Amino acid sequence: MTDNVSTHQAEDDARNEAILIYVNGQIVPKAQAMVSVYDSGFMLGDGVWEGIRLYNGTWSFLDEHLDRLFEAAKAVDIDIGLTRAQVAQAVFDTQAANGMTSDAHARLMVTRGVKTRPFQHPKLSQRGPTVVIIMEHSRPKLPRPIRLATVPHMRGLPMTQDPKLNSHSKLNCILACIAAEKAGADEALMLDVHGFVNTTNACNFFIVRKGQVWTSTGDYCMNGITRQKVIDLCRANAIPVFERNFSLVETYSADEAFLTGTFGAQTPVSTIDGRVIGTCELGPITQKIRALYKDLVGA
């Protein structure tokens, strides 16, 4: 199909051809921003990352993103080699170098570094870590709501690859996305190990039923920062919200469905496995949550 869209679809912006990128302490032109073919991130997906959004001069929820980055680095035993303040300053310096004030997206990446030989053992990464910040002018552009298809791929158990870890190893989610596109959808709806509705390949997933907002328990998915902000906003504004197990049967008959993520905030869903959800457009509860979230990031 040629009309697939993505939750990360953005307006074309010619300025992105001339962006400057942070690589290990230096801010260099895009064409010069390179890492070694021996880098552990390139070879093995051995690294962690965060995506952050710039709204009106402020990096939204930067503290929470840095918390998660450092927590993930500790979990996989990578020493970032910088303090939280230094990582934040690297973000600010890259922003200033690019003259960005709003509608920008940054991908902050840390890998174990450059290996001495092309093999798996982490001790072979003797030069590193590698720290990169890619920062682009980025305004979401979604021509229509997202279509989802359920796929056989699941997020792993904590003892395989913990789905709460924002790692560079995304092949499972990529395969899920490919399966969804082969089925004529935009992105994949992934179930958990018990068969309950869980998450998509890129975002957290919510439905609205009879005025109630439902999302998964969070046990088998990335506990997104935007996901938590939506839950908090619902609780603060008398919108019933539940983290619970629910099935595809309950999902197909939902009044509304939407995705949450750092880039797209709240993205409406029109169909799931060919079933029309609600009116196929942005629903009133989703619209209310989106307005509350916009006020939150504006504040």
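Coordinate-derived values only; no laboratory data. Bear in mind that the values here come from a model prediction, so they are computed numbers and not experimental data. Quick reminder, even Gly has a Cβ in these numbers, built from the backbone with ideal geometry, and neighbours come from all protein chains shown.
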request  = With springs only between Cα atoms under 10 Å apart, run a GNM on the chain and tell me which of Met222, Met135, Met34 wobbles the most.
outcome  = Met34
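Could you tell me what a quarter of the Cα convex hull surface of the range 146-298 works out to, in nm² with one decimal place?
Details: hull surface 33.4 nm².
Mean shadow area of the hull around the Cα atoms is 8.4 nm².
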query = What translational D, rounded to a whole number of µm²/s, comes out for the range 14-137 from Stokes-Einstein when the hydrodynamic radius is the Kirkwood one over Cα pairs, at 25 °C and 0.890 mPa s?
reply = 166 µm²/s
key: Sorted by Cβ density within 10 Å, fewest first, the residues Phe42, Phe242, Phe258   = Phe242, Phe42, Phe258
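Taking the number of other C-beta atoms within 10 Å as the exposure measure, put Phe119, Phe61 in order starting with the fewest.
Starting with the residue having the fewest Cβ neighbours, the order is Phe119, Phe61.
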ask   = How about Lys141: which lysines have a C-alpha closer than 18 Å to its C-alpha, ignoring those fewer than 8 places off in the same chain?
value = Lys294
Rel. contact order, % - alpha carbon contacts under 8 angstrom, at least six apart, the chain = 18 percent
key: Dipole-positive endmost among Gly128, Ala31, Val87 within the chain (Cβ charges, Cα centre)   = Gly128
query = lysines within cross-link reach of Lys210: Cα-Cα under 18 Å, excluding same-chain residues under 8 positions apart?
reply = Lys288
request  = Please find, in a Gaussian network model of the chain (springs between Cα atoms separated by less than 10 Å), the residue of Ile239, Ile207, Ile21 whose mean-square fluctuation is greatest.
outcome  = Ile239
note = Listing Thr7, Thr200 by rising number of other beta-carbon atoms within 10 angstrom, fewest first, gives Thr7, Thr200
ask   = Which percent of Cα-Cα pairs in the range 148-199 sits in each 5 Å bin, short to long?
value = 5, 23, 29, 25, 14, 4, 0
